[in-house]
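The values are calculated or read from the model by the stated rules, or taken from the named source; none is laboratory data. What you see is a predicted model; the values in this text were computed from it and never measured. Don't worry about glycine lacking a Cβ; one is built from the backbone with ideal geometry, like all the others, and counts go over all protein chains shown. With ligands, DNA and RNA removed, areas are computed over all heavy atoms of the protein, side chains included. Shrake-Rupley method; radii C 1.70, N 1.55, O 1.52, S 1.80 Å.
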Amino acid sequence: MEISSTTLDNLTLGAYIVASVLFITGLLWLRSPETARAGNRLSALGMLIAVVFTVIDRDIVRYEWIIVGLIVGALIGAIAARQVQLTAMPQMVAIFNGFGGAASAVVAGAQILSQNDTGDVDRVVSVTVALSVLIGSLTLTGSLIAFGKLQGIVATQPVLIPLRHVVNVILVIGSLTMAGLLIFDPNLEWALIAMAVIALVVGVLIVVPIGGADMPVVIALLNSYSGLAAAATGFVIDNPMLIIAGSLVGASGLILTRIMTRAMNRSLGNVMFGGFGVADSTGGAAPGANAMDRPVRSVNAAEAAILLGYADSVIFVPGYGLAVAQAQHQVRDLADMLKERGAEVRYAIHPVAGRMPGHMNVLLAEADVPYDELKDLDEINDDFRRADVAVVVGANDVTNPAARTDRSSPIYGMPILNVDQARSAIVLKRSMASGFAGVENELFHMENTMMLFGDARASVESLLSEMKEL
Amino acid sequence: MSIEELLIALAVFVLAIFVGYLTITRVPPTLHTPLMSGSNAISGIVIVGAIIVAGSVGGLLGAILGVVAVALATINVVGGYLVTDRMLRMFHRSDEERR
């Protein structure tokens, strides 16, 4: 039996146009938090229309399998979406990406296997099958590893395999060779399988060496891949719906990837293959030697609370440490207390703070922090010099002034939050351990910086109780 | 697929990339996570392809691969939209009550 959209009903194609408009409108409505929720529902409606009209298309002659798949998938998806802790959102997004990629690869693979039975596979189809299976497979395993790292099952530290670049090159050549064989002769089913297996391995090897702080880039990229895999599958089965929706996602993921790499002042290649923060621990740079000579000033919660108690303007600077310590509710309570005392409170969000794009925003939204108090880097950076106190909660590299001044620093050129320009800074931190980039932070040694050591949540709690005493 | 069909498909692809680029460029950083999980749900559109494979390809292998693909894509779609909705429900301004 042949499958090709040339046999899809006109009604089905019409429904695809409606669904495409709904997807695009839904994405447009994501430009504002006020319309975003409705936009997401519009997009879901588009998906429902696309699915319903595909199912009733006259090409579909067998329903039992479809129904089984739909029920099983919907149950798992709904339960997962309801049960997941909002703090586990990065790994949730990662694993959904992986499933999407896997589905694309399987559809493309099934298509070529079935066409081989009827003996009419053309070149174009086999090229797109190769693309779809390659991208889909590496999206699957890459996402699984990302999930494992975010969940803490796989080592979050970058794992560097010896000769990994050589191994990667060999594997890439191997998978491209298999792809070439498949395009040359679509009947070579073993080449299809070998290609898929190699791509699965490549997915693992690409993500394993990437450290936790680079996760926002990886997740955005995998997001893009899951879309591109769907688009490639659209070429395979000649279905415009897949091409349109897949491309929208592919473009979206690429834009996010670019925003993330820009916010780190690094190239995508550097993130994927650089092994940042491990290989370069030469320590020879000793940036800003003068600043580093000054001992850090460690304070207790009472001293910090006094400073906060008399501040008129406070900026919180959250980082991944906030997510680890689950301190978002306590920070919100502290902010409420400061507001009651008449202070202006805002939050400065660095684009790559956390483990996925927008991580801090979701975390703080969960703690009921209004989104208009969350400010982007560009929006708030000039306000630090007018702020009485900047409170850094579990952030490090994104506050390091060396990024502005020290050309020898590995993070030189990265846009940072100007915490050092605030009248005072209180840094909540577990220990003096350096951040992901393995660079000492000059901020901690500055005259107007106080270090409040300990778990972020415990520290904020003791700040709260000390504030009550004031 | 003939060359004409390929070119039409390529035109659709290129235009959709453009639309996606122009649409998403102006999404504020506050909404980057919902954008990602919401667009991720859209990439579950491959569910349409999975349904076509599961519902029309002859043979047991096609059916099995089809049902696996339908299930995976459905997890992606249902989970993706629900989790995005859950996140967006939490976003609120300082001058409005929590929804």
Notebook entry, point to check: What net charge do the residues around A:N441 carry, taking every other residue with its C-beta under 11 Å from that of A:N441, with Lys and Arg at +1 and Asp and Glu at -1?
Noted result: -3
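Would you mind estimating how fast region A:70-137 diffuses translationally, via Stokes-Einstein at 10 °C and 1.306 mPa s with the Kirkwood radius over Cα pairs, in µm²/s?
So the translational diffusion coefficient is about 114 µm²/s.
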Notebook entry, point to check: Under the definition of Cα pairs under 8 Å and six or more residues apart, what whole-number percent is the relative contact order of chain B?
Noted result: 26 percent
Next item on the list: Note down the relative contact order for region A:1-83 as a percent, whole number, built from C-alpha pairs under 8 angstrom at least six residues apart.
Entry: 30 percent
Notebook entry, point to check: Considering only the other residues whose Cβ falls under 13 Å of the Cβ of A:N10, what net charge follows from Lys and Arg at +1 and Asp and Glu at -1?
Noted result: -2
Item checked: Heavy atoms of A:K339 accessible to a 1.4 Å probe, total area in Å² rounded to 10 -> 80 Å²
Item checked: Under 12 Å, Cβ to Cβ, from A:A348 - net charge with Lys/Arg +1 and Asp/Glu -1 -> -4
Notebook entry, point to check: On full extension of the chain, what length is gained from A:R123 through A:N187, given 0.36 nm per residue of separation minus the C-alpha to C-alpha distance?
Noted result: 21.9 nm
Notebook entry, point to check: Using 7 Å Cα-to-Cβ label points, what is the A:T405/A:L11 separation (nm, one decimal)?
Noted result: 7.2 nm
Next item on the list: Relative to the longest principal axis of the C-alpha atoms of chain A, give the angle of the C-alpha long axis of helix A:164-184, reported between 0 and 90° and rounded to the nearest 10°.
Entry: 20 degrees
Next item on the list: Calculate, in whole percent, how much of the Cα-Cα pair population of region B:1-41 lies beyond 12 Å.
Entry: 67 percent
Next item on the list: Over chain A, consider all pairs of different Cα atoms and compute the Kirkwood hydrodynamic radius from their mean reciprocal separation; express it in Å, one decimal.
Entry: 24.5 Å
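Just by accessible area at a 1.4 angstrom probe, what is the order of B:T25, A:T261 from largest to smallest?
If we order B:T25, A:T261 from most to least accessible, we get B:T25, A:T261.
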Next item on the list: Normalising by the residue count of chain A, find the relative contact order in percent from Cα pairs under 8 Å and 6+ residues apart.
Entry: 14 percent
Next item on the list: For region A:289-469, count all C-alpha to C-alpha pairs, find those more than 26 Å apart, and express that count as a whole percent of the total.
Entry: 20 percent
